[in-house]
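In what follows, a single structure is set out as C-alpha cells and then discussed.
The values are calculated or read from the model by the stated rules, or taken from the named source; none is laboratory data. Remember, predicted model here, so these are calculated numbers, not experimental data. All Cβ positions, even for glycine, are placed from backbone atoms using ideal geometry, and neighbour counts span all protein chains on display.
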Amino acid sequence: MNKAIQAWAPSTEFTLPPVSEEQKRLYMVNDPSCIYHPYRWPYLKGRHKRGEFPVVVVRKHFIDQGYEVWVSGQSKLGIDAFILAMFPGARQKRDQSYLNIVGVFGKETVDKFLAIVEHEKKKYGLPRHGGDPDLFVQNTQEPSDRFFVEVKAEDFTGKRLYRDNLNKQQHLLFTLIEKHLKCQVRLAKVQIVTDSTMSNGHQ
C-alpha cells in the first residue's frame, strides 16, 4: 500500500457464525434449498459474475434483524443498491442507486464529499472508480441508525487459508466516509468452513 495513505482501522469489526462449504456450493449452482437463495444476486456479470456469496451472507444477516440493506452497485443489479464514489458515469446520469444515497445524506453533503474524494484520489494517483463499501444498512424506523459495511471473506476449505484484504482505495475512502459523512464503516468477516468442521459443533 502507498505509505502516504493512512491505513483505515474499523471501530466496529465482527465475525458471523461460520458458513458451510455446502451452503456455498448450493448457492453457486443456484439451488433453491440454499438458505441464501432468496437473497442471491440476480445480475451475474462483470465484477458480480460469481454471485457475491460473502456479501449475500451479511446482507441476509442484517435483513433478518429488520434492517433495510442496499448493495454497492448500479440499479441494473435488480436489487436495492447505492452508489457513492463509484461509477462516475452512472452518477452523472443520475442512476437510481446514486439518487438513493443522495436521499439519505442530501445532495449538498454528497457533492462536497465527492469533491474531496476526487481530490484525494487524484493526489494519490488512484482511479476515479472504486472504493465503496459493500453494503449500506439503515433502520427505517430510526434513520440515525445507519452505517456502511465492508465484507471480507476467510475461506478455510482449501489447503491454504484464503483471506480477503482491504485495498488502497478502501483505506482512503473509508477514512473519508467516516470523517466527512459522519457515518461508520463496519467490517464484517464471513468464514467459510468445511462440512466436517460444521458437524463437529459449529452451526
query = Quick one: how many residues across region 4-40 are of a type in the set (A, V, I, L, M, F, W, C) and either part of a helix (DSSP H, G or I) or in contact with a Lys or Arg (Cβ under 9 Å, 6 or more places away or on another chain) (or both)?
reply = 8
note = Checking LYS168, LYS179, LYS159 in turn, the sole residue that is more than 19 Å from the chain's Cα centre (by Cα) and basic (Lys, Arg) turns out to be LYS159
request  = Test each condition in (1) of a type outside the set (Val, Ile, Thr); (2) more than 17 Å from the chain's Cα centre (by Cα); (3) surrounded by fewer than 14 Cβ atoms within 10 Å (Cβ to Cβ) for GLY78 and report the one that comes out false.
outcome  = (2)
key: Unique residue being modelled with pLDDT under 95, closer than 18 Å to VAL57 by Cα and touching a Pro at 6+ places or on another chain (Cβ under 9 Å) when the list is ASP164, ASP195   = ASP164
query = For VAL29, are the conditions met, namely being modelled with pLDDT of 90 or more, out of contact with any Ser or Thr (no Cβ under 6 Å at 6 or more places or on another chain), of a type in the set (Val, Ile, Thr) and surrounded by fewer than 18 Cβ atoms within 10 Å (Cβ to Cβ)?
reply = yes
note = Only one of (1) of a type outside the set (S, T, N, Q); (2) touching a His at 6+ places or on another chain (Cβ under 7 Å); (3) on the phi > 0 side of the Ramachandran plot does not apply to MET86, and that is (3)
query = Can VAL69 be described as hydrophobic (A, V, I, L, M, F, W, C) and assigned to a helix (DSSP H, G or I)?
reply = no
request  = Please identify the pairs in which a residue from region 29-40 that is within 15 Å of VAL19 (Cβ to Cβ) and of a type in the set (A, V, I, L, M, F, W, C) has its Cβ atom under 8 Å from the Cβ atom of a residue that is at pLDDT 90 or above and not in a loop (DSSP other than H, G, I, E, B), counting only partners at least 6 apart or on another chain.
outcome  = CYS34/GLN23; CYS34/LEU26; CYS34/TYR27; ILE35/GLN23; ILE35/LYS60
